[in-house]
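Working notes, beginning with the structure itself.
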Amino acid sequence: MSLTKTTVVDQITVTEYGVVLYREATRIMEDGNELSKTYHRSSLTPEQDLTGVPDSVKAICNTAWTDEVKSAYRAMIEANQAKLGA
Amino acid sequence: MAVPYVFANATSAIPLSNLDNNFSTPITIGNVAIQLGNTATTLGNVTMANVTITSVSSPITVTQGGTGNSSAFTANAVVYAPTTSTLATGSALTFNGTNLSTTGTMQVGTTLGVGAATPSASGSGITFPATQSASSNVNTLDDYETGTWTPTLVPGGTGFTSITYDADTQAKYVKIGKNVFVQGSIRTLAIVIGSPTGILTVGNFPFTMSTSSQGGNGTSAYSSLSIAYASSWGGSNVPAGLLTVSGSTIGYLTTRATSNGDFAYASSSNVATGAYQNTLYFAGCYISAN
């Protein structure tokens, strides 16, 4: 009987404004059979620091966050805050 | 020597030389004459009891040969009706090769998997696919997921130079269909403020908010981030939060203005920079995009 614990990024989504949402699945396995699974979700906004982010997610961020996407995201945030009267 | 047609009555061995002559007359099983040798024969009106079929190497088929349900068969109250290709027990349960339906109740012993989901081996319930298969039908529940996420405290524009969190900074989520419930806590250990801009927010929400959520007008949406407890802030405390769409989901923190009771948006001037400061216990609910 051997128990193993693995954590993998099993889902990555990129939204219209370049926000990257990803899910990490942690599985406890016994002899190849899954005993339990838990999820941890995170989201990253354009230009956010990627320290500690899994490599597969970094690659998506670096591809998705073009200068146009970054500008569009900043403009959207500013417009959103202006709309809220902030 | 005459060979008896009823084999059980034979009292002595039957010479092979006599078989050809005697078996030139077909025997009858049910109402069908059986031809010997290699001639294919169809049986009819035959009732068999305690029959065991072994070493079946290919599917057993039932082919409709007459009209109506002439080739229907019944086993343990399960009726196969070839004209409608349905399998039924009594009048309640039917199976047409694709859909299993009942006019009564249905019980599953432990778990039921939908879509590509393998039914969970633990507990009793419905197992949804790990990746949602969204339905456009307004009466269809198409997703369920629970998990954790790590809330962050970030200015809406330029961020802090650095921020570190206490281990109590953690949160959970439950997604039922499009409804996302979140609850969690934030507490900071140290903040180097720098030159931040924008409204102070809670970030890193697990799902994107729908632009058509309640309070929305089609291009934006608003929901509530309830602050159950807030303490050890640097400026005015933050008694409430506003969830809205911002590329995904963002929670704008607010303070209460003293002049007329209106809420005002919090900023970096509201945070404290010391250890174990800026405590928030919160909960919220919003409608996700999927």
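The values are calculated or read from the model by the stated rules, or taken from the named source; none is laboratory data. If you're wondering where the values come from, they're calculated on a predicted model, not measured in any experiment. Note that we place each Cβ from the backbone using ideal geometry, even for glycine, and neighbour counts take in every protein chain shown. These accessible areas exclude ligands, DNA and RNA; they are computed on the full protein's heavy atoms, side chains included. Shrake-Rupley method; radii C 1.70, N 1.55, O 1.52, S 1.80 Å.
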Worksheet item: Counting just the residues of the stretch A:41-63 that are in contact with a strand residue (DSSP E or B) (Cβ under 8 Å, 6 or more places away or on another chain) and open to solvent by 50 Å² or more (accessible area, probe 1.4 Å), which one comes out farthest from A:SER2 (Cα to Cα)?
Response: A:ILE60
Worksheet entry | Within the stretch A:20-47, tally of residues that are more than 8 Å from the chain's Cα centre (by Cα), of a type in the set (A, V, I, L, M, F, W, C) and facing chain B (nearest Cβ under 10 Å) | 2
Worksheet entry | Single condition B:ILE163 does not satisfy, out of (1) away from chain A (no Cβ under 12 Å); (2) surrounded by 14 or more Cβ atoms within 10 Å (Cβ to Cβ); (3) not charged (D, E, K, R) | (1)
Item to complete: Report the residue count in the stretch A:25-59 for those that are assigned to a strand (DSSP E or B), out of contact with any helix residue (DSSP H, G or I) (no Cβ under 9 Å at 6 or more places or on another chain) and not small (Gly, Ala, Ser).
Response: 13
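Do any strands (runs of 3 or more DSSP E) lying entirely in the stretch B:78-192 carry at least 2 residues that are modelled with pLDDT of 85 or more, and which ones are they?
So the answer is B:111-113, B:125-127, B:144-149, B:152-155, B:162-165, B:170-176, B:179-192.
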Worksheet item: Here are B:GLY157, B:GLY123: which of them is free of Cβ contacts under 8 Å to residues at least 60 places away in the same chain, surrounded by 13 or more Cβ atoms within 10 Å (Cβ to Cβ), within 13 Å of chain A (Cβ to nearest Cβ) and over 14 Å from the mean Cα position of the chain (by Cα)?
Response: B:GLY157
Item to complete: Note down all Cβ pairs under 9 Å where the first residue falls in the stretch A:71-86 and is under 14 Å from B:LEU242 (Cβ atoms), the second is assigned to a helix (DSSP H, G or I), and they're at least six residues apart or on different chains.
Response: A:ALA86/A:ASN80
Practice prompt. Being within 14 Å of chain A (Cβ to nearest Cβ), open to solvent by 40 Å² or more (accessible area, probe 1.4 Å) and of a type in the set (Gly, Ala, Ser) is the filter here, so list the residues in the stretch B:223-263 that pass it.
Written response: none
Worksheet item: Regarding A:ASP67, is this residue acidic (Asp, Glu) and either in contact with a helix residue (DSSP H, G or I) (Cβ under 9 Å, 6 or more places away or on another chain) or more than 25 Å from B:TYR173 (Cβ to Cβ) (or both)?
Response: yes
